[in-house]
Amino acid sequence: MQLILAIDADKRQAAQLAALVRGRFDAEFVQATSAGEALQALAERVPDLIMTSPLLSPFDDGVLAEYLRDIGPAGA
């Protein structure tokens, strides 16, 4: 099963996204409000798709970029 990760601190937007994804895709959907929370929720799995808010904080952007670099080719 495919894994979709969504990171968005806006609870209203996150709820709308969850309703859209859960009704239309055959994939596990993981949501988080920060990159740190998201990486804990992944439990060492590699998502097929990562969706972020355009307003993602620079800190969270850095955490996510470091995670993707650390997992090597799987993060490409």
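The values are calculated or read from the model by the stated rules, or taken from the named source; none is laboratory data. Given the structure is predicted, the values throughout are model-derived calculations rather than measurements. Every residue, glycine among them, receives a Cβ derived from its backbone with ideal geometry; neighbour counts consider all protein chains shown. Just so you know, the surface numbers come from the protein's heavy atoms only, side chains and all, with ligands and any DNA or RNA stripped out. Shrake-Rupley method; radii C 1.70, N 1.55, O 1.52, S 1.80 Å.
Quick notes
- Sorting the segments 3-14, 59-70 by their residues' average number of neighbouring beta-carbon atoms within 10 angstrom, most packed first, yields 3-14, 59-70.
- Protein heavy-atom accessible surface, 1.4 Å probe, per residue over the chain: 67 Å².
- Here segment 1-60 has 55 percent of its accessible surface on carbon and sulfur atoms, given a 1.4 Å probe and all protein chains in place.
- Size of charge dipole - the chain - debye, nearest 20, with Cβ of Lys, Arg +1 and Asp, Glu -1, no other charges: 280
- Vicinal HN-Hα couplings computed from phi for segment 70-76 (Karplus, 6.51 cos²θ - 1.76 cosθ + 1.60; Hz; Gly/Pro x): 5, 8, x, x, 5, x, 6
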